[in-house]
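Student: Quick one: this structure, given as structure tokens, is what I'll be asking you about.
The values are calculated or read from the model by the stated rules, or taken from the named source; none is laboratory data. Just so we're clear, the structure is a prediction, and the values are computed from it rather than from any experiment. Neighbour counts run over all protein chains shown; Cβ positions are idealised from the backbone, glycine included.
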Amino acid sequence: MPRARNIKPSFFVDEELVELSFSTRLLFIGLWTLADREGRLPDKPKTIKMSVFPCDRVDVDKGLDELQTAGFLVRYVVDNKGYIEIRNFAKHQRPHPNEAASEFPEKPPISTIGRSAREMSEPIRSSLNSELCLLNSESMPWSGPPPDHERVFEYWKQTLNHPTAKFTKERQVKVKQRLKTYSLDDICRAIDGCKVSPHNMGLNDRHTVYDDLELICRNDTNLERFIGYLEAKPTGAGNGWKPQQPMDEAAFQRKLQEQQK
């Protein structure tokens, strides 16, 4: 049963939320009214659509994925049933004291988090144990596969040697903007391109390194320029030189794990 919830003025100017589509932001508000006092509800996109967008053509499943990627909720599976948990729900909402306790299970510690019930019904379920979080689980708000923007940040930290860097608002906004039109691999290749650029690595008039993630992802032009550095033949390279090829998922994990050793 839908419940009355609070909405704060800061919602409309949140730097991460404004990067999402109008329908996804409205979906997020609708989820608050459907969630129980712990911020949990069944992961049933069709049912949610009938409650929030009964007369609109909105892809609720896609919107839920976008909210998860942005870090606002978690989709998980327990006993082959899908659930959603809204992050920081108790921080922003004040459920009525008489509201019933949650009837839905808590999110599990690993593996099945980040997958909808639809995905869990596919053959990939058998390989979940090999899909552990690439990042230190203590640094993440939940265990399981991290969102792509977090993976980009970790890859940048490792590749360009910024172990103590913080994922600032400015960096998050730019990375999420680029992920709307470019793949995870594209952005990681741009980071690699920055690393092979003598100018960005300090061989310039100011003897200054220009390798910030915000710079790399500032706009489409910058991202494509850094990717282009991998395609350009370096001075002194032999005839057998070939541009670096895109990495598949397994290669991406191996490279990141090698850098973390």
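Student: State yes or no: is K46 more than 19 Å from the chain's Cα centre (by Cα) and either at pLDDT below 90 or more than 17 Å from E106 (Cα to Cα) (or both)?
Tutor: On the way: more than 19 Å from the chain's Cα centre (by Cα): yes; either at pLDDT below 90 or more than 17 Å from E106 (Cα to Cα) (or both): yes.
Yes.
Student: Related question: Taking the residues in segment 101-126 that are crowded, with 19+ Cβ neighbours inside 10 Å and of a type in the set (S, T, Y) as candidates, determine which candidate is modelled with the lowest pLDDT.
Tutor: S111
Student: Name the pairs: first residue in segment 193-216 and surrounded by 14 or more Cβ atoms within 10 Å (Cβ to Cβ), second residue acidic (D, E), Cβ to Cβ under 6 Å, at least 6 apart or on different chains?
Tutor: C194/D211; N200/D211; E214/E170
Student: Quick check, is D192 farther than 24 Å from E66 by Cα and modelled with pLDDT of 90 or more? Show your work before the answer.
Tutor: Numbers: farther than 24 Å from E66 by Cα: yes; modelled with pLDDT of 90 or more: yes.
Here the answer is yes, as D192 does meet what is asked.
Student: Still on this structure, please answer the following. Need a quick list: strands (runs of 3 or more DSSP E) entirely within segment 1-93 having at least 2 residues that are in contact with a Lys or Arg (Cβ under 9 Å, 6 or more places away or on another chain) and among the aliphatic types (A, V, I, L, M). Please lay out each step first, then the result.
Tutor: On the way: elements: 40-42, 73-78, 81-86.
Those strands (runs of 3 or more DSSP E) span 73-78, 81-86.
Yes/no matrix, rows are residues, columns are (1) closer than 15 Å to I29 by Cβ; (2) modelled with pLDDT of 90 or more:
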residue	(1), (2)
D59	no, yes
L64	yes, yes
V77	no, no
E99	no, no
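Student: Could you check G39 against (1) farther than 27 Å from T181 by Cα; (2) at pLDDT below 90; (3) out of contact with any strand residue (DSSP E or B) (no Cβ under 6 Å at 6 or more places or on another chain) and say which number it fails?
Tutor: Just one mismatch for G39, condition (3).
Student: Could I ask something else about it? Does V58 count as in contact (Cβ under 8 Å) with a residue 60 or more places away in the chain, of a type in the set (A, V, I, L, M, F, W, C) and surrounded by 13 or more Cβ atoms within 10 Å (Cβ to Cβ)?
Tutor: So V58 fails the test.
Student: Here is a further query. Within segment 33-41, can one find any residue that is small (G, A, S), surrounded by 17 or more Cβ atoms within 10 Å (Cβ to Cβ) and in contact (Cβ under 8 Å) with a residue 12 or more places away in the chain?
Tutor: yes
Student: While we're here: Within segment 220-236, take every residue that is assigned to a loop (DSSP other than H, G, I, E, B) and closer than 13 Å to V196 by Cα and give me the one that is modelled with the highest pLDDT.
Tutor: Applying the filter and picking the extreme gives A232.
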